[in-house]
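Engineer: Can you read through this structure? Questions will come right after.
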Amino acid sequence: MALTFNLTPLTDALERSDTVQIIADSGAGLTSLANQIHETWPNAAVVGQDPVAHITYLRETVIEEVAVGLEQRGVPQAEMLERCQRILTAADLSDLAERNPAKLSGGQTRRVAIAAVAVLEPAVLVLDDPFAGLDTDSAARIAALLEALPSRIVLLGTRPRDMRGEQLSLHDASLHPFTPTPTTTASPAPVTALDLPDLDLGEVAATRGGKKRKWWQFRAAEEPVFTAGPIDLRVRPGEVVWLRGANGAGKTTLLRAMAGLDGNPGLEAERGITVSLALQRAADQLAESTVGAFVGNDEALAQLADLGVTLDPDEHPLDLPAAHLRLAQLAQVFSQRRQLVLLDEPDVGLDIPNRARAHALIAEGLAAGAAVILTCHDATFAAEVGEYAAVGERVLG
């Protein structure tokens, strides 16, 4: 049965301030709250947790994608162009205006999704975890954009952001005045690197795009080729390499290439190194219709239960809270017992309690002999990993 919320505390807060943050743990009902606002408040728009849901991929350029909602409302072309250009500038996306929307990084896609809804200038704009996966500069640009919009802003998230306005918390299906809670997590026991040879990955490079046209497609190939690297990488079993770089630097492209995706041979073919990859969007990893089949074995499910997350093996993975789906994904990739585990922004979607559980899974995987390469924009997450494991940094871009 869907939750129903008393929105009066939010209504009162929006009368006092143009921006209201609502903070809650994963699974507390933030998405249900956003849905209720969208369904019951006139001229309210929502940017959901999954930015891909806001991209139609029916347009060939970013600016045309951002214009879709205005097209549907019959906005005159000159006004439509001016509004799209203005919102792209504010979101630091002007240099991507002519890029194919399907060729963006995860952080860039999130910014386009926000721009595509914000350009409509709704009376109330609700954003569900809008800063997930953004580097510091992109997050600052989005914060500035939101503060400049004519819409009243409701930000949903698992931790407060340094923005003007009021703050509420959601717990026990009710909105309350926000009370800060400790943001530190208990660190796992230190992991000692195993006495095993380093995994020498060599000079890693990747290419995406530039695919040959099908025989029935008349136009010449226009898809741009995107390359990342080369970067020389070496990682020791039981240790971590933090691969850093701004949104669009090519971090995800490199991880996918190491795993043998996008037409790249992969490390197993080139170096004999077995690889598991946790994709940036955990939902993209789904090929199974039950949690049990997705996680892959009872041992991994038991490991999650020991951490306080008991999952029904017969439940569909997409019915899980976002944080639990992320933990299930981490349990899956580590349970495969591959030499190298690649984690693409594993912190996205995690609240404080589940962040601690993610660290426990990573620490157990390292102790079992895995080497880890991770990407993340949250320096505090990488620092937390450094409390129990040796972490080396490599910068891309």
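Engineer: Can you name every residue in region 90-101 that is in a helix (DSSP H, G or I) and over 10 Å from A115 (Cα atoms)? It would help to see each step written out before you state the result.
Structural biologist: Step one: filter region 90-101 for residues in a helix (DSSP H, G or I), giving 90, 94-96, 101.
Matches in region 90-101: S94, D95, L96, P101.
Engineer: Give the number of residues within region 235-257 that are among the small types (G, A, S) and out of contact with any helix residue (DSSP H, G or I) (no Cβ under 6 Å at 6 or more places or on another chain). Step through it out loud before you land on a result.
Structural biologist: Initial filter on region 235-257 (among the small types (G, A, S)): 238, 245-246, 248-250, 257.
Keeping just the survivors that are out of contact with any helix residue (DSSP H, G or I) (no Cβ under 6 Å at 6 or more places or on another chain) gives 246, 249-250, 257.
Number of matching residues: 4.
Engineer: Pick out the one residue from A90, A116 that is within 30 Å of L243 (Cβ to Cβ) and either without any contact (Cβ under 8 Å) to a residue 24 or more places away in the chain or touching a Leu at 6+ places or on another chain (Cβ under 6 Å) (or both). Talk me through it step by step, then tell me what you get.
Structural biologist: Numbers: A116 fails: either without any contact (Cβ under 8 Å) to a residue 24 or more places away in the chain or touching a Leu at 6+ places or on another chain (Cβ under 6 Å) (or both).
Every option except A90 fails the conditions.
Engineer: For region 32-61, what are the residues that are open to solvent by less than 70 Å² (accessible area, probe 1.4 Å) and either over 19 Å from P122 (Cβ atoms) or within 19 Å of the chain's Cα centre (by Cα) (or both)?
Structural biologist: If we filter region 32-61 for residues that are open to solvent by less than 70 Å² (accessible area, probe 1.4 Å), which is where we start, we get 32-34, 36-37, 41, 44-48, 50-52, 54-56, 61.
Listed by number, the residues that qualify are S32, A34, V46, V47, G48, D50, P51, V52, H54, I55, T56, T61.
Engineer: Would you check if there is a residue in region 311-332 being assigned to a helix (DSSP H, G or I), at pLDDT below 95 and surrounded by fewer than 20 Cβ atoms within 10 Å (Cβ to Cβ)?
Structural biologist: Yes: one or more hits.
Engineer: Determine if region 250-260 includes at least one residue that is touching an Asp or Glu at 6+ places or on another chain (Cβ under 7 Å) and free of Cβ contacts under 8 Å to residues at least 24 places away in the same chain. Outline the logic, then answer.
Structural biologist: Taking region 250-260 and keeping what is touching an Asp or Glu at 6+ places or on another chain (Cβ under 7 Å), we get 252, 255-256, 260.
Those left that are additionally free of Cβ contacts under 8 Å to residues at least 24 places away in the same chain: 260.
Scanning region 250-260 turns up at least one residue that is touching an Asp or Glu at 6+ places or on another chain (Cβ under 7 Å) and free of Cβ contacts under 8 Å to residues at least 24 places away in the same chain.
Engineer: To continue, here is another question. Tell me which residues, restricted to region 85-108, are at pLDDT 90 or above and in contact with a Phe, Trp or Tyr (Cβ under 8 Å, 6 or more places away or on another chain).
Structural biologist: Residue satisfying the conditions is P101 alone.
Engineer: Taking G308 as the residue in question, decide whether it is more than 20 Å from the chain's Cα centre (by Cα), assigned to a loop (DSSP other than H, G, I, E, B) and either over 16 Å from L343 (Cβ atoms) or not hydrophobic (A, V, I, L, M, F, W, C) (or both). Give the derivation first.
Structural biologist: Values: more than 20 Å from the chain's Cα centre (by Cα): yes; assigned to a loop (DSSP other than H, G, I, E, B): yes; either over 16 Å from L343 (Cβ atoms) or not hydrophobic (A, V, I, L, M, F, W, C) (or both): yes.
Yes.
Engineer: Please enumerate the residues belonging to region 100-123 that are of a type in the set (G, A, S) and open to solvent by less than 10 Å² (accessible area, probe 1.4 Å). Break it down into steps so the answer makes sense when it comes.
Structural biologist: Of all residues in region 100-123, those of a type in the set (G, A, S) come to 102, 105-107, 113, 115-116, 118, 123.
Matches in region 100-123: G107, A113, A115, A118.
Engineer: Going through region 344-381 one residue at a time, which ones are among the hydroxyl-bearing types (S, T, Y) and over 15 Å from K251 (Cα atoms)? I'd like the intermediate steps shown before the answer.
Structural biologist: Step one: list which residues in region 344-381 are among the hydroxyl-bearing types (S, T, Y), which gives 375, 380.
The answer is T380, and nothing else.
Engineer: Applying the selection to region 366-395, what residues are of a type in the set (A, V, I, L, M, F, W, C), assigned to a strand (DSSP E or B) and in contact with a Lys or Arg (Cβ under 8 Å, 6 or more places away or on another chain)?
Structural biologist: Here is the first cut: in region 366-395, the ones of a type in the set (A, V, I, L, M, F, W, C) are 366-368, 370-374, 376, 379, 381-383, 385, 389-391, 395.
Add one more test, that the residue is assigned to a strand (DSSP E or B), and what stays is 371-374, 391, 395.
Selection gives A371, V395.
Engineer: Which residues, taken from region 333-387, are among the small types (G, A, S), at pLDDT below 95 and within 24 Å of E288 (Cα to Cα)?
Structural biologist: Hit for region 333-387 is G349, nothing else.
Engineer: Here's something else I'd like to know. From L155, L134, L175, L170, grab the single residue that is open to solvent by less than 50 Å² (accessible area, probe 1.4 Å), of a type in the set (A, V, I, L, M), part of a strand (DSSP E or B) and within 23 Å of A356 (Cβ to Cβ).
Structural biologist: Answer to the selection: L170.
Engineer: Give me the pairs: first residue in region 322-337 and touching a residue at least 12 places away in the same chain (Cβ under 8 Å) and closer than 27 Å to L156 by Cα, second residue among the charged types (D, E, K, R) and open to solvent by 10 Å² or more (accessible area, probe 1.4 Å), beta-carbon distance under 6 Å, and six or more apart or on different chains, which are they?
Structural biologist: If the second residue must be among the charged types (D, E, K, R) and open to solvent by 10 Å² or more (accessible area, probe 1.4 Å), the pairs left are L327/R357.
The values are calculated or read from the model by the stated rules, or taken from the named source; none is laboratory data. For clarity, every value in this text was computed on a predicted model and none was experimentally measured. In this analysis, Cβ positions are derived from the backbone assuming ideal geometry, glycine residues included, and neighbour counts consider all displayed protein chains. Note: accessible area is taken over every heavy atom of the protein model, side chains too, but ligands, DNA and RNA are not part of it. Shrake-Rupley method; radii C 1.70, N 1.55, O 1.52, S 1.80 Å.
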